[in-house]
1. Just the number: Rg to Rh for the range 102-198, Cα atoms, Kirkwood Rh, two decimals.
2. Based only on other Cβ atoms within 10 Å, what is the fewest-to-most ordering of 81, 52, 117?
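None of the figures in this text is laboratory data; all of them are computed from the coordinates on show. Computed from a predicted model, the values in this text were never measured in an experiment. Reconstructed Cβ throughout: ideal geometry from the backbone, glycine too, with neighbour counts over all protein chains shown.
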């Protein structure tokens with residue numbers, strides 16, 4: 001019994017000694033390492049930025065007006081009647097001797113004139129019928145009228161309104177060429193186009 005008690009006492013002493021002999025942890029004081037990362041600073045809430053005032057409105061810039069350049073077709077439409085008739089925009093149509101029938105060349109000329117009349121749809125036209133100096137005045141007046149009417153009929157068939165077309169015959173009264181040979185006569189057997197209103 002004594003021995004058992006002794007053993008217990010020794011065990012208690014050893015436990016207490018062991019606890020007493022445990023080395024103490026030295027108190028460490030830390031100095032900041034210059035290379036170490038600093039702990040994050042406390043976040044400071046910034047005040048919301050006030051909106052900037054709007055920029056001043058610049059004064060209006062005065063733009064100089066550029067002169068309008070009219071297209072060529074407007075220049076044609078703006079021309080005086082005399083200038084238009086002198087321009088040759090509408091070509092005369094020529095006929096064979098003693099005929100009021102349009103040949104292929106005559107139809108081509110009238111067709112080109114029809115295109116111009118469609119482009120300038122407000123123009124009013126007089127188709128003048130002419131003849132050469134041979135034959136009587138009555139015969140040539142009648143032939144000139146037939147020539148003018150043949151041209152009018154063909155223009156209408158190409159889509160030109162008959163309300164825009166007037167016919168007149170001058171017979172041999174106003175020759176284009178005053179000569180007395182076939183060269184002059186061939187120029188005088190014609191239907192001539194005159195713009196009378198725009």
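1. Details: Rg = 13.6 Å, Rh = 13.7 Å.
Using only Cα positions, Rg/Rh for the range 102-198 is 0.99.
2. Working: 81 13, 52 6, 117 23.
If I rank by nearby Cβ atoms, fewest first, I get 52, 81, 117.
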